[in-house]
Every structure is written in C-alpha cells, then in structure tokens.
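Student: Okay, handing you the structure first.
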Amino acid sequence: QKVRVAAAANLRYVLEEIKKQYEKEHPKTKVDITFGASGTLTQQILNGAAFDFFMAADMDFPNALKSKGATVGPVVTYIFGKVAMWSKEVNLSKGLNAVLLPEVKKVAIANPATAPYGENAVNTLKKHGLYDKIAGKIVVGENISQAAQFAFTGNAEIGFIALSLALAPDMKGKGFCYELPADVCPPIAQGCVLVKGWERNGEASRFMKYVLSPKCDAIWKSYGYGLVKR
Amino acid sequence: MIYIDVERKMLTTDGPRKLEVCVEIEKRELVCLFGKSGAGKTTLLRMLCGLFVPDKGLIRIGDKTVFDSSKKINIPPQKRNVGYMFQDYALFPNMNVEENIRFAQDVKKMDEVESLLHTFQLEKLRHQKTTRLSGGQKQRVALARAFARKPEVMLLDEPLSSVDFELRQSLQNEIIKSHNLFNSTTVMVSHDKDEIHRLATKVLRIGKEKITTFENPTNL
Amino acid sequence: MIYIDVERKMLTTDGPRKLEVCVEIEKRELVCLFGKSGAGKTTLLRMLCGLFVPDKGLIRIGDKTVFDSSKKINIPPQKRNVGYMFQDYALFPNMNVEENIRFAQDVKKMDEVESLLHTFQLEKLRHQKTTRLSGGQKQRVALARAFARKPEVMLLDEPLSSVDFELRQSLQNEIIKSHNLFNSTTVMVSHDKDEIHRLATKVLRIGKEKITTFENPTNL
Amino acid sequence: MSSEFIQTLFLTAKLALSTTLILFVIGLPIAALLAFTRFRLKVIFEALINMPMVLPPTVIGYYLLVAFSPQHAFGGLLERWFDLRLAFTFQGVLIASVIFSLPFMVQPLQNGFVALPKSYREAAYTLGKSKMETFFRVLVPNIKPSIVTAIAMTFAHSIGEFGIVLMVGGNMPGETRVASIAIYDEVQSLNYSTANHYSLILFAVSFVLLVIIYSVNRHFRI
Amino acid sequence: MSSEFIQTLFLTAKLALSTTLILFVIGLPIAALLAFTRFRLKVIFEALINMPMVLPPTVIGYYLLVAFSPQHAFGGLLERWFDLRLAFTFQGVLIASVIFSLPFMVQPLQNGFVALPKSYREAAYTLGKSKMETFFRVLVPNIKPSIVTAIAMTFAHSIGEFGIVLMVGGNMPGETRVASIAIYDEVQSLNYSTANHYSLILFAVSFVLLVIIYSVNRHFRI
Ligand SMILES: Nc1ncnc2c1ncn2[C@@H]1O[C@H](COP(=O)(O)OP(=O)(O)OP(=O)(O)O)[C@@H](O)[C@H]1O
Ligand SMILES: Nc1ncnc2c1ncn2[C@@H]1O[C@H](COP(=O)(O)OP(=O)(O)OP(=O)(O)O)[C@@H](O)[C@H]1O
Ligand code: MOO
Ligand SMILES: [Mg+2]
Ligand SMILES: [Mg+2]
C-alpha cells in the first residue's frame, strides 16, 4: 500500500522521521512525501494531483480546499509551528532589529503568497515597522525551505525560517538562531486533511491518525513544534 | 517524338530577353544545341525535363503532352522518362561512384553497372566519394548515371567539356552507341565544332531570334 | 621564376599513384598543362598556390621558397601572390558579379572593374547573383575575378571549357593580352589542342611518369 | 545508490528518450514541409511551431494545466471518456515535454534541408525517383550532421526540462520526479551531497554522451 | 496594466537582450574555432561548450549558488575585492543565463560554418585575403540563416529561462523577477487571471517576434 502525502515545506525533516517510524511499524506501507509551499500543493491538488493526505502550514489552505469540495472529513490542527530567524554569521541577540544591521545585505523569506511561514514573517516585520525599511533587502524563496537554503548558503545574511528547519540535525549549531517569542510572532496553527480520491483513503486515514497520535509527540517536540492539546 | 513550342523570359548578357522555341524533333535524332554562353541552352533542356516551367506553350514527348499552359498540364520530371545530365553534375555526396550509378537504375542489374563503370573508366574509383573526384571524373560519373536509367529521351548538358582529347573521342563513340542501342532521342549541348560534326544528326542554333529550324551539322 | 620539385600521392583511375613533378618555369612563360582526366593537373596547381601540401619536396616562386618539406616551410596561399581560377569556379554566393570582382582587387579601382566586366561581357549581369548565372557566365566571372588581383603568377584550371567557340577565341586573346600586360607567369590547364597551340609557349604533359621536361606546343 | 535515486534517473531517461523518439517521427516531416514547400500562411505556421522555444516554460505549463483540468473541455473529455487525468502524471509531462522541445527538433533539421543544393532533388527527380524515395535516400542521408544535432538538442533539452515539469508534473516520486526536480528538492533539503551526487552523475553521463555524439558526428561530415 | 507588470516584462526583455548580445560576441569566434580548426581534445572542448544544454538548469543553478556564496572562494573574492555579490542580482542572473544559453548560440553557428563549401575559404585565400577578412566578408555573410536561427534561439531560450533564475534569483521585483518566475508565482497563488494576462502578452509578443524573424529570414536564403 501507498500513502501519498503532500506536506508543507517546514515539515521537511520531521516528517521524514515520522515516516521512518511509521514504515517500521507498518512494513507493508510505503509513504511517498512531496514537499512544497502549502499554496503550491493546494494548487496541485485542485488540478488533480494524486495525493491522499495534505499537511499544510496553516489552516487557510486546507480550508480553501475543503470549501472547493476537494477533501473528505474535517480539517484538523495537528501542531503549532514556530518562526525563527537564522544567520550564519550575524549575531542575532538583538532579536528582530538585527535585520537593520549594515552588514545584513539580504534577508530571505518564503513567498508570502504561497507559504504561510513567509506570510507570517512579513506580517511580523510590518507589525514592528521594519518591513518598509528593509523591503529592498528581501529575497523570496519559493517555499520556506528554499528561504532557509538561501540563509544556510550564506547568500542571505538573515533568513526567516521555520524553527523546525533550524533544529534539524544538519543545521543545528551551524549558525545563530533566534526563536521569535510568542508575543512577537504567535505560533502558527497547522491543519491537515484527507484528499478526495478514488478508493485509496483507507491507508491514508490510518497515517493521519498516526500523525495525530501521542506516538509522534516526542518527534514533534524535538523539532520545536508546539503540541495540540488533546 | 518531341514537339516543343514554348517561351520563357531570361536575363542574359544583353539584358532581359525571351527564349522562344518552336521545333519538332524526330525519334532517334541526335540534336546538338549550339549557341552563345547564356543564350538559353540549359534553360531549354530544363524545360524539356520539367525542372523549369515555361511561361507559356506546349511540350509533347512521344504521344504524351507533358506541358500545356492553356490546359494547365505540367507533368513532373519523375513521370517524363527523360534523362538529364546536369552541367554541374549534381552527384549525390552521400553515395560513392558505384552507388550513384546504381541508384539511377530502375531495374537493378549489377552487370549493367559493371559495364558502365568499365565504359567510363571508373572501375578503380567505384568506392571513391564523389566529392573526392577530379572535374573530368565527376563529369563521367554524371554521364554514366544518366545512361543507367536508359531513358527514351536523353538530355546532355556539355557532357564532355572537361575530359581530355583521347577520352573525349572514346566517350563520343559511347554516346552514339548507347543512342543507337536504346533507340533514344538525344538532345545535347556542345561548344565543340568537331564534336558536333561527329555526333549530330541535326543542329539547333540558340540565338536571339525565335528558334524554328534545324541546321545541317556540316554547314556549321 | 617557378621551381617545383615535389611528390604527392593520389588515387587515380588506375589505382593509387604518386604524382612526381620536377620542373622549372621561366618568368613570362605561358605553360599549358595537358593530360588525362584525373592525371593530377588540378592537384599540381593546388600545390603551387598552397591549397594542397605536397608529401615532400620544394617549391620556389620568384626568389621566395614557399614550400620546403625538409625545412618545414609552408607559406600560406595568402602570402604567395599567386592567382588561381578554380575548375568549379568557387564564386561567393553572397556577392553579385561585380562584387565578386571588386572583392578580389588589392587596390580598389572602379575603372579596372568596369574594363573587366566589359572584357568578359558581363556588364548587363553585374548585379546578378552568381547562383543565377549560366555555366559559361560563371566561368567568366571566375576568370575575371582571378585577373582582378593582377598576380605575378596566374594558375588557370580549364578557364574556357564552357564557353562557346567565338567567345573562346576572344577570351583567349584576353588571356594573352593580360599575360603580357602584367608580365605574369601563367600555368593553365586545357584539353583543347587548338587552344594550346594558340596560347602556350610551353606544354607540360601530365602522364604516369615523373614529369621533368616540357614539350613544344607544335608537336602535340 | 538508493533505489529512489535510480528510479529518478530511470524516469529522467525514459522521459528524454520518449520525447526524442516521438519528436523525431513528427519533426522530420514538419521540417521537410517548412524547408521545401511554399504555402500561404507558412510564416504563421512556422512561427507557431517555434512558439514553445520563445515562451517561458511556465506559460506553456500554465496553459497545459488549464487544458488538462477536468473543469475544461479537453480535460473533461479525457476524464469522462477515458477516465484519464493528465496533470501530475507521466503522460502529462511527456505531452508537455514534446510540445516544449518541438522547435529544438525541427529547427536544425529544417536548416539542414534548406542548405542542401536544389540540384540534389532535381537530379533524383529526373532519375524517376518519387518524392518519398528522394527524401529518404538522397535528402535525409545528406543532412546527417543536422540530424545528430537535432536529436542531441532535443534529448538534452528534455533532460534539462524543469519549469514545465514543476508546473504540470509536480514532484511525484516515480511518476514525475525527474532529475532536475529532484536536484531542486535535494538542494532545498540541504542534502548537498545527494544534490551533488545527482549533478555529478548527470554531468558525467551528459559529458560522455556529448563526446560520443561529437566524435560520431565528425565522421558524418561530408 | 500595473507598473509591476511592465517592470517584469521590461526586466525579461533586458535579460534576454543582454544575454543574446554577449553570446553573439563570444559565440561567433567559438563556433568558428570548432568548425574550422582541429586540435587535440577538440571533442572534449566541444562537449564542455555544450554541457549547459544537457544539464538541468537546476544543476547549473545549484553550482552557481554555491560559487556565488561569500563563504566560498569565488564569491568571497568578489565580495572582498569588488564588494560585489552575485546571488539575487541582475548580474548574477545574467551570468547564469549566458552560461545556460551558450550552446544555443554556438550550435547553429557552427553548423552553418561547417556546411559552407571549403572552396569559399580557399578562393578568398588565393585572392590574398587574410583569415579575418575571409571570415567577416565571405564566411559570416554566407551563414545568415544560421545567424538568425542562433540569435532567435538564444533570445528565446533566455526569455524562457526559469530554473536557474528560480534558484539564484530570489524573486526580487525589478532585479530578478522575470516573467517566467512571475507567472509561476501567480499560478501557485491561484491568481489565474494575472497569470493569464502575462501569458497572453508573452504569447502575443513572441508570436509577432517570430513572424518577423521568419519573414526576414526568408530574404536571406541564397
Ligand atoms: N537559376 C537561374 N535564375 C535566373 N536566371 C538564370 C538562372 N540560370 C541562368 N539564368 C539566366 O538565363 C540565361 C540563360 O541561361 P542558360 O543556363 O540557359 O544558358 P546556357 O545557354 O546554358 O549558357 P552556358 O553555355 O553558359 O551554360 C542566362 O543569361 C542566365 O543569366
Ligand atoms: N579532394 C580530393 N581528395 C582525394 N582525392 C582527390 C581529390 N580530388 C581529386 N582526387 C584524386 O586525385 C587524382 C588527381 O585529381 P586532379 O583533380 O588533380 O585531376 P585532374 O588532372 O585535374 O583531372 P580533370 O581533368 O578531370 O580535372 C584523381 O584521380 C582524383 O581521383
Ligand atoms: O507552506 Mo510552507 O511550510 O510555509 O513553505
Ligand atoms: Mg548551360
Ligand atoms: Mg582538374
């Protein structure tokens, strides 16, 4: 059996671990994951891409799908995601204001139109009156992991990325990371939903239940996500 | 055998001019075309074999009308059964000497290819690329290729201009031999008076006026 | 004027053969090359002007050594001041008749172009594309272009094979005239005995043996 | 090498080979038509054939997405009659790739045909050969270098295809996840070593392929 | 039409024109070198020139991103010495585009040169013309159809550039946000009407451009 998952880019590392654990417990099942910006995946599902399960980076995109009749069952919040600033060389102890430092020439964010993490970053910058001051420095990645990659390669001094990406084993400790506190930028509720399809949903709903189950709590936590109260 | 009554505009050394021809060529005749450079000899041959379209007129070959401007008839070259040897040879560079000749045969007969190679002294060059031949060698391949098809009507455009004196004589004999053997009607361009004397049964002088009458080869 | 002592392998009608030449041509001589088709006439001219490299030997033109295999000298064609008229013309299709001739001039002189156009009866065709010329017309453009450069040494490969009898005679006179006027040394290929009689001061017969001696034009 | 890695490379090769094969079969007659015939509106036809070259892949991708959508006429038809959906499938990507690479097959072939002296055709005709026979025995063999270029360019262009595949194919493993997409993905996962791996393999394969093509091509030159 | 829309189209045209111009200047000598000279390792050189055609744009994009990074030798050098950073700038995208389109300029030119009869060169040499003069007055004018094809293909290919720009461009309005990226963006954001708008304009412009090119090209044929 196969489960085809469309997953928001911030889940890139966590979900791989969850997948490994799941496949170990269910050896007959293969989980195929496609990562992308939530908006991109929404567009693909609307155009008939053969996904069974959609894990977004916010509630709006899965709800939009539901309203267009492309889903089955309810949209469920599965975790809360957090935004972080990350830099390879610039000390981020100043918090958000670090974006104004002269040595910061480029600031990477995800595309606000398609990636909720990007939208969040823009909103936060606007709320603190910083957006207009650095508008010329902003470079946009297609989704949150491309934004992260711009920062990790050092082509952009600062990146607004998902905390989960900064905590990934590959990245951890390779630069400065500043987790935006809840009052500066509240955690993002991320929703998931089953996609309408022919008759492949049985295995998919099993995977959905698994993702929501306590079995995954430890993994979610280790990537800095906020758990949903059950 | 061939009835031709056509006209076609040309740009010549003396400015624009109309080539007008109205003659009838009997079967088994060997007609030599004779005339100034740029007078329209090649143009006439190309109209006969269907590569040029006359501005107006009529061409009959055998009992088939191959061109008639009034009836909008224009039989394509493939269906005219007319062999044509190009003044600039037009050999196929993707084929060697032997393949060029074999390609021309309607019915593939290897012994005929051999005899053509022999006649035109090309045996040793049979596997040579045609781009690597001397001028006279190319001319001979083009001539051999035209003969390979054994057409009713044979048009030869200066077939021997680039071969040496001895070879020229022996190839002249070959032309006559094939002409007689296949019962062909041949129209050939030549600038060489001796050659015309030897080969032609009739001569057509391409000049500035409308061409209507043959001349006698001996009067040249 | 020209000293040549070279050899080069060729594939001929009789199989592979070596072309061996060792002669000296005096200044102002008009030498006619004569020989079978594929004997190596074009090959010899191309070695003289630098387009073919001999397998070994020595070529001196004037007091300049242009080729010496032992000393690895091989002066490129541009620097040999040798004019060469190609057997297959090699006209430039991007230029019209007049432009082909003008391109060849080292010093651009319009009156000389005019006189060449006049001599070769090309005036009315001066703006014609060279792809739209008859065979004989192309040949004349090639000849006019070779003369336009007024080289010390002139190599002509069958310059008049495709022109009619009258024109041929008048162009033969032109060749002699230019030859005398420019004090050139001319080497020319011809298959026509009358032509050789009229033009040549010496004849070189290209046969199977090593070529070392001239013949007298009248003994042909 | 992981099985996923091999799957991706296999898919890439499959797409490029299928595209090239299909395009060679339809490109040869189109090129001949453009080179040898004159008809009214030929310029328009020629421009249309070459459109995919000028249009950004995303434009083509967008229009294909629209066409493939079951909401629209063509996509709806496919869905109702054949239960077929093209978006995000191999077939859909193949169609996109064929359209996208069409000019890269046609252009070099057409240039080759145009450069042939007219007298080759004329000579074959006066030897009584039909247009077909002339085409396959005289014209096609004399444009071998152009054929090699056309095939190489098309194959290459399909391997490099990214924009359209991303739009109409998405990133479905085993179905539409070709190498160019996989590399993009791996770079984003900061799996530089895997990205490197893919890149190096493609680099090596491409390089060997090109060296072979250009060595062979040399022998075709007349 | 919004000013952003116009800015994007203008940027696209600027990138395509600059790429074509630069490539024509460096492509002509490279094509001549490949067509007329023989040297050891020529096949290798030829294969290298043509690599960008076979490599997915994402591979090139990936390596450029690495090279441009100030953390690496080349990028660091540029930053320290010239205070220049190539990632996310027009210059960076231009460099990428030039590399990416190189074979599309060289291939048609080279094919054109190869198809010229050797006797044109020989005749010019025996008329005492230098290699330079022969090149510009005899060889180049006789490959006009190939030149038009090369320029059209390069221009086209740069307009269609997507993968590399996506990787090294960073989607900066007025700097690196070219039309192909803009369309992708709009489609992903489900802004189909804007995507349509862009696509139609590009479609129309490309079409007119091609019709002009092919009408002009007809007159060059000899
Ligand atoms: N392809 C062409 N297009 C236009 N005009 C042409 C073409 N070929 C030849 N002509 C012109 O038509 C006239 C007749 O040419 P044609 O080739 O019939 O002459 P010809 O009698 O065969 O001369 P030659 O003995 O020199 O071969 C010439 O003056 C030439 O300028
Ligand atoms: N480009 C070439 N490559 C290889 N061999 C050639 C080439 N051109 C000619 N040959 C061969 O070299 C021999 C000599 O050719 P060349 O052109 O010198 O003869 P030629 O005396 O000029 O003959 P013709 O009177 O027919 O022009 C010929 O037998 C021919 O087969
Ligand atoms: O949908 Mo994302 O995880 O913000 O790219
Ligand atoms: Mg003629
Ligand atoms: Mg010769």
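The values are calculated or read from the model by the stated rules, or taken from the named source; none is laboratory data. Keep in mind that this is a model prediction, so the values were computed, not measured. Virtual Cβ from ideal backbone geometry, glycine too; neighbours counted across all protein chains shown.
Student: Tally time: how many residues in the range B:93-123 are crowded, with 17+ Cβ neighbours inside 10 Å and within 13 Å of chain C (Cβ to nearest Cβ)?
Tutor: 7
Student: Further question: Hey, does the range B:20-29 have a residue that's in contact with a helix residue (DSSP H, G or I) (Cβ under 9 Å, 6 or more places away or on another chain) and within 16 Å of ligand 4 (Cβ to nearest atom)?
Tutor: Of the range B:20-29, the ones in contact with a helix residue (DSSP H, G or I) (Cβ under 9 Å, 6 or more places away or on another chain) are B:21, B:28.
Then keep just the ones that are within 16 Å of ligand 4 (Cβ to nearest atom); that gives B:21.
Yes; the residues of the range B:20-29 include at least one that is in contact with a helix residue (DSSP H, G or I) (Cβ under 9 Å, 6 or more places away or on another chain) and within 16 Å of ligand 4 (Cβ to nearest atom).
Student: Just checking, which of E:I49, E:I6 is surrounded by 15 or more Cβ atoms within 10 Å (Cβ to Cβ) and hydrophobic (A, V, I, L, M, F, W, C)? Quick ask: steps written out before the conclusion?
Tutor: Values: E:I6 fails: surrounded by 15 or more Cβ atoms within 10 Å (Cβ to Cβ).
Testing whether each residue is surrounded by 15 or more Cβ atoms within 10 Å (Cβ to Cβ) and hydrophobic (A, V, I, L, M, F, W, C) leaves just E:I49.
Student: Could you tell me which of the residues E:I30, E:I60 is farther than 26 Å from E:V148 by Cα and surrounded by 16 or more Cβ atoms within 10 Å (Cβ to Cβ)?
Tutor: Values: E:I30 fails: farther than 26 Å from E:V148 by Cα.
After ruling out the rest, the residue left standing is E:I60.
Yes/no per residue for (1) within 13 Å of chain E (Cβ to nearest Cβ); (2) over 15 Å from the mean Cα position of the chain (by Cα); (3) more than 16 Å from ligand 3 (Cβ to nearest atom); (4) among the aromatic types (F, W, Y):
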| residue | (1), (2), (3), (4) |
| --- | --- |
| A:P102 | yes, yes, yes, no |
| A:T114 | yes, no, no, no |
| A:A121 | no, no, no, no |
| A:F176 | no, yes, yes, yes |
| A:M208 | no, yes, yes, no |
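Student: Same structure, new question: Any chance the range B:48-62 includes a residue that's within 15 Å of ligand 1 (Cβ to nearest atom), aliphatic (A, V, I, L, M) and crowded, with 21+ Cβ neighbours inside 10 Å?
Tutor: Taking every residue of the range B:48-62 in turn, at least one turns out to be within 15 Å of ligand 1 (Cβ to nearest atom), aliphatic (A, V, I, L, M) and crowded, with 21+ Cβ neighbours inside 10 Å.
Student: On the basis of being free of Cβ contacts under 8 Å to residues at least 12 places away in the same chain and under 25 Å from E:T194 (Cα atoms), does D:V25 make the cut? If you could, list the steps in order and put the result at the bottom.
Tutor: Working: free of Cβ contacts under 8 Å to residues at least 12 places away in the same chain: yes; under 25 Å from E:T194 (Cα atoms): no.
Considered against the rule, which asks whether it is free of Cβ contacts under 8 Å to residues at least 12 places away in the same chain and under 25 Å from E:T194 (Cα atoms), D:V25 comes out as no.
Student: Additional query: From the list B:V203, B:V141, which one is under 30 Å from C:K9 (Cα atoms) and buried (at least 16 other Cβ atoms within 10 Å of the Cβ)?
Tutor: Details: B:V203 fails: under 30 Å from C:K9 (Cα atoms).
Step by step, each of B:V203, B:V141 is checked, and only B:V141 is under 30 Å from C:K9 (Cα atoms) and buried (at least 16 other Cβ atoms within 10 Å of the Cβ).
Student: Under the condition of being outside any loop (DSSP other than H, G, I, E, B) and buried (at least 17 other Cβ atoms within 10 Å of the Cβ), which residue from the range C:125-136 is farthest from the other protein chains (Cβ to nearest Cβ)? Steps first, answer last, please.
Tutor: Keep residues of the range C:125-136 that are outside any loop (DSSP other than H, G, I, E, B), which gives C:125, C:129-132, C:135-136.
Keeping just the survivors that are buried (at least 17 other Cβ atoms within 10 Å of the Cβ) gives C:125, C:130, C:135-136.
Working: C:L125: 6, C:T130: 10, C:G135: 5, C:G136: 3 Å.
My answer is C:T130.
Student: Further, regarding this structure: Given A:F150, A:F80, which one is at pLDDT 90 or above and not aliphatic (A, V, I, L, M)?
Tutor: On the way: A:F150 fails: at pLDDT 90 or above.
When all the criteria are applied, what remains is A:F80.
Student: Name the helices (runs of 4 or more DSSP H) wholly inside the range E:86-203 in which the number of residues that are touching a Ser or Thr at 6+ places or on another chain (Cβ under 8 Å) is 3 or more.
Tutor: Numbers: elements: E:90-115, E:118-126, E:131-134, E:144-159, E:163-168, E:179-188.
Once the helices (runs of 4 or more DSSP H) in the range E:86-203 are filtered for at least 3 residues that are touching a Ser or Thr at 6+ places or on another chain (Cβ under 8 Å), what remains is E:90-115, E:118-126, E:144-159, E:163-168, E:179-188.
Student: Let me ask something else about it. Do the conditions hold for C:E158, that is, is it within 16 Å of ligand 1 (Cβ to nearest atom), more than 16 Å from the chain's Cα centre (by Cα) and of a type outside the set (A, V, I, L, M, F, W, C)?
Tutor: no
Student: Additional query: Would you check which residues across the range C:93-119 are assigned to a loop (DSSP other than H, G, I, E, B) and either modelled with pLDDT of 90 or more or basic (K, R) (or both) and list them? Step through it out loud before you land on a result.
Tutor: From the range C:93-119, those assigned to a loop (DSSP other than H, G, I, E, B) are C:93-95, C:105-109; that's our starting set.
Passing the criteria: C:P93, C:N94, C:M95, C:Q105, C:K108, C:K109.
Student: From A:A56, A:A70, A:A49, grab the single residue that is more than 16 Å from ligand 5 (Cβ to nearest atom), in contact with a helix residue (DSSP H, G or I) (Cβ under 9 Å, 6 or more places away or on another chain) and at pLDDT 90 or above. Show your work before the answer.
Tutor: Working: A:A70 fails: at pLDDT 90 or above; A:A49 fails: at pLDDT 90 or above.
Testing whether each residue is more than 16 Å from ligand 5 (Cβ to nearest atom), in contact with a helix residue (DSSP H, G or I) (Cβ under 9 Å, 6 or more places away or on another chain) and at pLDDT 90 or above leaves just A:A56.
Student: Can you name the condition, by its number, that C:T186 falls short on among (1) more than 16 Å from ligand 5 (Cβ to nearest atom); (2) assigned to a loop (DSSP other than H, G, I, E, B)?
Tutor: (2)
Student: Tell me, yes or no, whether the range C:176-194 has at least one residue that is basic (K, R), away from ligand 1 (no atom under 16 Å from the Cβ), within 14 Å of chain B (Cβ to nearest Cβ) and out of contact with any Asp or Glu (no Cβ under 8 Å at 6 or more places or on another chain). Steps first, answer last, please.
Tutor: So in the range C:176-194, the residues basic (K, R) come out as C:177, C:193.
Imposing the further condition that a residue be away from ligand 1 (no atom under 16 Å from the Cβ) reduces the set to C:177, C:193.
Checking which are within 14 Å of chain B (Cβ to nearest Cβ) leaves us with C:193.
If we keep only those that are out of contact with any Asp or Glu (no Cβ under 8 Å at 6 or more places or on another chain) as well, we get C:193.
Looking through the range C:176-194, at least one residue is basic (K, R), away from ligand 1 (no atom under 16 Å from the Cβ), within 14 Å of chain B (Cβ to nearest Cβ) and out of contact with any Asp or Glu (no Cβ under 8 Å at 6 or more places or on another chain).
Student: Taking E:L209 as meeting all but one of (1) touching a helix residue (DSSP H, G or I) at 6+ places or on another chain (Cβ under 7 Å); (2) crowded, with 21+ Cβ neighbours inside 10 Å, write down the number of the exception.
Tutor: (2)
Student: Something else: Being under 18 Å from E:V168 (Cα atoms), in contact with a strand residue (DSSP E or B) (Cβ under 8 Å, 6 or more places away or on another chain), more than 10 Å from chain E (Cβ to nearest Cβ) and in a helix (DSSP H, G or I) is true for just one of A:S164, A:S145. Which residue is that?
Tutor: Numbers: A:S164 fails: under 18 Å from E:V168 (Cα atoms).
Checking each option against the conditions leaves just A:S145.
Student: Still on this structure, please answer the following. Among D:S130, D:S146, which is the only one that is of a type in the set (S, T, N, Q), modelled with pLDDT of 80 or more, surrounded by fewer than 19 Cβ atoms within 10 Å (Cβ to Cβ) and touching a helix residue (DSSP H, G or I) at 6+ places or on another chain (Cβ under 9 Å)?
Tutor: Working: D:S146 fails: surrounded by fewer than 19 Cβ atoms within 10 Å (Cβ to Cβ).
Only one candidate passes the filter, namely D:S130.
Student: Restricting to the range C:139-167, name every residue that is within 16 Å of ligand 5 (Cβ to nearest atom) and touching a residue at least 40 places away in the same chain (Cβ under 8 Å). Reasoning before the result, please.
Tutor: Filtering the range C:139-167 for residues within 16 Å of ligand 5 (Cβ to nearest atom) gives C:139, C:142-143, C:146, C:155-162.
Once the filter is applied, which keeps residues that are within 16 Å of ligand 5 (Cβ to nearest atom) and touching a residue at least 40 places away in the same chain (Cβ under 8 Å), the range C:139-167 yields C:Q139, C:A142, C:L143, C:A146, C:L155, C:L156, C:D157, C:E158, C:P159.
Student: Another question about this same structure. Which condition from (1) at negative phi; (2) assigned to a loop (DSSP other than H, G, I, E, B) is the one that A:G154 breaks?
Tutor: (1)
Residue-by-condition table, conditions (1) surrounded by fewer than 20 Cβ atoms within 10 Å (Cβ to Cβ); (2) modelled with pLDDT under 85; (3) closer than 27 Å to E:L166 by Cβ:
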position: E:A35; (1), (2), (3): yes, no, no
position: E:V43; (1), (2), (3): yes, yes, no
position: E:M53; (1), (2), (3): no, yes, yes
position: E:V93; (1), (2), (3): no, no, yes
position: E:I99; (1), (2), (3): yes, no, yes
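Student: Still on this structure, please answer the following. Somewhere in the range E:58-81, is a residue more than 7 Å from every other protein chain (Cβ to nearest Cβ) and on the phi > 0 side of the Ramachandran plot?
Tutor: Checked against the condition, which is being more than 7 Å from every other protein chain (Cβ to nearest Cβ) and on the phi > 0 side of the Ramachandran plot, the range E:58-81 yields no hits at all.
Student: Write out, first by first residue and then by second, each pair whose Cβ atoms fall under 8 Å of each other, whose residues are 6+ apart or on separate chains, and whose first residue, in the range E:41-56, is more than 7 Å from chain D (Cβ to nearest Cβ) while the second is at pLDDT below 80 and part of a helix (DSSP H, G or I).
Tutor: The qualifying pairs are E:L48/D:F207.
Student: Does A:K229 qualify as being within 29 Å of A:K127 (Cα to Cα) and either within 15 Å of the chain's Cα centre (by Cα) or modelled with pLDDT of 90 or more (or both)? Walk me through it before giving the result.
Tutor: Details: within 29 Å of A:K127 (Cα to Cα): yes; either within 15 Å of the chain's Cα centre (by Cα) or modelled with pLDDT of 90 or more (or both): no.
Spelling it out, it is not the case that A:K229 is within 29 Å of A:K127 (Cα to Cα) and either within 15 Å of the chain's Cα centre (by Cα) or modelled with pLDDT of 90 or more (or both).
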